[in-house]
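Enquirer: Have a look at this one before I ask anything.
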Amino acid sequence: MNPRKHADDQGEESSAQMDVLCTSHASQAESQTAGIIAQALRARHDLVLGLATGRTMKRVYAHLVRLHQQDGLDFSRCRTFNLDEYIGLPSGHPGSYRRYMDEHLFRHINIQAGRSHVPDGMAQDVARECQRYETLIQEAGGIGLQLLGLGMTGHIGFNEPGSPLDSRTHEVQLTELTRHENAGPFGGEASAVPARAITMGLGTILEARRCLLLVTGVGKASVLARVVEGPVSPMIPGSVLQRHSDCQVVADRAASRDLGMGSLDRPGNS
Ligand code: GLP
């Protein structure tokens, strides 16, 4: 694959076979991402929006909340589907993704009760919950725009290395690295992070009409280069996005450090 980088009109870099927009700073990447979501929502008020969690997304959601409160961005007709949830955490637990979404987005916007979906990590029958979640997405008409972050293992959602490229919503075993990376809301204890989770599959994600991958920070530079430029491989699950016909990557300069051609366009290098 041949990523293309380009500078946008604010002097930021923007790269596309997978289109990679490179910004100088993480804050610009976050606001650009929120802007893309807001634009999609304004164009289609009944958008079905796929959502992600993690540290990277917190400021994206802060932007969306501000756009709702100050500019009237309307979420009343949209439906949302989160990528994943830990198994065995009640929704009030500080580590649960339902709680994360309530705190960072849902309680601050006018999304209607019952229209925001997160897999139920407390379901008795996990396989059935996975099937129910897939059916809900289908019944909503499929995902229009899927927001994605990137894990240090190359995961999207919780699809860890080795995940089948055509998988549907399923139960996964998390890697030790992912549990370590995600330990923050669990008192910093990796061992307190659930070892299992429910995630949309790579096949589910690929069916979204548009994907939007946000990656910031130098710590993810090497894995982002493998996602964008490496071979498509279950060992780097995010690389499957190379097969998507409409996937926008937004990355700050630090995260795009290892992308080929980057040095040609970097602001300040000219
Ligand atoms: C979790 C989520 C992923 C997310 C990743 C990155 O593992 N399941 O969907 O992309 O975190 O998180 P962070 O932004 O905190 O690095």
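The values are calculated or read from the model by the stated rules, or taken from the named source; none is laboratory data. Just so we're clear, the structure is a prediction, and the values are computed from it rather than from any experiment. Cβ atoms come from the backbone with ideal geometry, glycine included; neighbour counts cover every protein chain shown.
Enquirer: How many of the residues in the range 34-82 are touching a residue at least 40 places away in the same chain (Cβ under 8 Å), among the aromatic types (Phe, Trp, Tyr) and not in a strand (DSSP E or B)?
Expert: Within the range 34-82, the first condition is being touching a residue at least 40 places away in the same chain (Cβ under 8 Å), and the residues that meet it are 36-37, 40, 44, 47-58, 60-62, 64-65, 68, 79, 81.
Remaining after also requiring among the aromatic types (Phe, Trp, Tyr): 61, 81.
Cutting the leftovers down to not in a strand (DSSP E or B) gives us 61.
Qualifying residue count, the range 34-82: 1.
Enquirer: Limited to the range 12-38, what total is found for residues that are of a type in the set (S, T, N, Q), modelled with pLDDT under 95 and in contact with a helix residue (DSSP H, G or I) (Cβ under 6 Å, 6 or more places away or on another chain)?
Expert: So the count comes out to 0.
Enquirer: Can I ask one more? What is the number of the single condition among (1) within 13 Å of the ligand (Cβ to nearest atom); (2) surrounded by fewer than 18 Cβ atoms within 10 Å (Cβ to Cβ); (3) more than 14 Å from the chain's Cα centre (by Cα); (4) under 24 Å from His104 (Cα atoms) that Ala192 does not meet?
Expert: For Ala192, the exception is condition (1).
Enquirer: Under 6 Å by Cβ, and 6 or more places apart or on different chains, what pairs join a residue from the range 242-264 that is more than 13 Å from Leu148 (Cα to Cα) and surrounded by 24 or more Cβ atoms within 10 Å (Cβ to Cβ) with one that is of a type outside the set (Gly, Ala, Ser) and modelled with pLDDT of 95 or more?
Expert: Cβ pairs passing all conditions: Asp252/Thr23; Asp252/His25; Asp252/Thr216; Ala255/Val215; Ala255/Thr216; Ala255/Lys220; Ala255/Leu224; Ser256/Cys22.
Enquirer: Look through the range 71-92, keep the residues that are hydrophobic (A, V, I, L, M, F, W, C) and within 16 Å of the ligand (Cβ to nearest atom), and return whichever of them is nearest to Ala197 (Cα to Cα). Walk me through it before giving the result.
Expert: First pass over the range 71-92, keeping only residues hydrophobic (A, V, I, L, M, F, W, C): 73, 75, 78, 81, 83, 87, 89.
Right, trim to within 16 Å of the ligand (Cβ to nearest atom) and you get 81, 83, 87, 89.
Numbers: Phe81: 15, Leu83: 11, Ile87: 5, Leu89: 10 Å.
Looking at the filtered set, the residue picked out is Ile87.
Enquirer: Can you pull out every residue in the range 131-150 that is closer than 17 Å to Thr33 by Cβ and within 16 Å of the ligand (Cβ to nearest atom)?
Expert: So in the range 131-150, the residues closer than 17 Å to Thr33 by Cβ come out as 143-150.
Within the range 131-150, Ile143, Leu145, Gln146, Leu147, Leu148, Gly149, Leu150 meet the criteria.
Enquirer: Listed residues Arg79, Arg128, Arg98; which is surrounded by fewer than 21 Cβ atoms within 10 Å (Cβ to Cβ) and among the charged types (D, E, K, R)?
Expert: Numbers: Arg79 fails: surrounded by fewer than 21 Cβ atoms within 10 Å (Cβ to Cβ); Arg98 fails: surrounded by fewer than 21 Cβ atoms within 10 Å (Cβ to Cβ).
Result of the check over Arg79, Arg128, Arg98: Arg128.
Enquirer: Looking at the range 106-130, which of its residues are under 21 Å from the mean Cα position of the chain (by Cα) and either part of a loop (DSSP other than H, G, I, E, B) or over 19 Å from Ser96 (Cα atoms) (or both)?
Expert: Passing the criteria: Ile109, Ile111, Arg115, Val118, Pro119, Asp120, Gly121.
Enquirer: Could you identify the single residue in Glu85, Glu134 that is out of contact with any Leu (no Cβ under 6 Å at 6 or more places or on another chain), touching a residue at least 40 places away in the same chain (Cβ under 8 Å) and assigned to a strand (DSSP E or B)? Can you show your working first?
Expert: Working: Glu134 fails: assigned to a strand (DSSP E or B).
None of the others qualify; the one that does is Glu85.
Enquirer: A follow-up question, please. Tell me the residue from Arg226, Arg179 that is surrounded by fewer than 23 Cβ atoms within 10 Å (Cβ to Cβ), charged (D, E, K, R) and more than 20 Å from Val249 (Cβ to Cβ), please. Walk me through how you get there before you give the answer.
Expert: Values: Arg226 fails: more than 20 Å from Val249 (Cβ to Cβ).
Only one candidate qualifies: Arg179.
Enquirer: Does the range 82-92 contain at least one residue that is charged (D, E, K, R), surrounded by 14 or more Cβ atoms within 10 Å (Cβ to Cβ) and out of contact with any helix residue (DSSP H, G or I) (no Cβ under 8 Å at 6 or more places or on another chain)? Reasoning before the result, please.
Expert: So in the range 82-92, the residues charged (D, E, K, R) come out as 84-85.
Going one step further and asking which of them are surrounded by 14 or more Cβ atoms within 10 Å (Cβ to Cβ), we end up with 84-85.
Restricting the remaining residues to those that are out of contact with any helix residue (DSSP H, G or I) (no Cβ under 8 Å at 6 or more places or on another chain) gives none.
Among the residues of the range 82-92, not one is charged (D, E, K, R), surrounded by 14 or more Cβ atoms within 10 Å (Cβ to Cβ) and out of contact with any helix residue (DSSP H, G or I) (no Cβ under 8 Å at 6 or more places or on another chain), which makes the answer no.
Enquirer: With Pro231, Pro185 as the choices, which residue is out of contact with any His (no Cβ under 6 Å at 6 or more places or on another chain) and without any contact (Cβ under 8 Å) to a residue 12 or more places away in the chain?
Expert: Numbers: Pro185 fails: without any contact (Cβ under 8 Å) to a residue 12 or more places away in the chain.
Step by step, each of Pro231, Pro185 is checked, and only Pro231 is out of contact with any His (no Cβ under 6 Å at 6 or more places or on another chain) and without any contact (Cβ under 8 Å) to a residue 12 or more places away in the chain.
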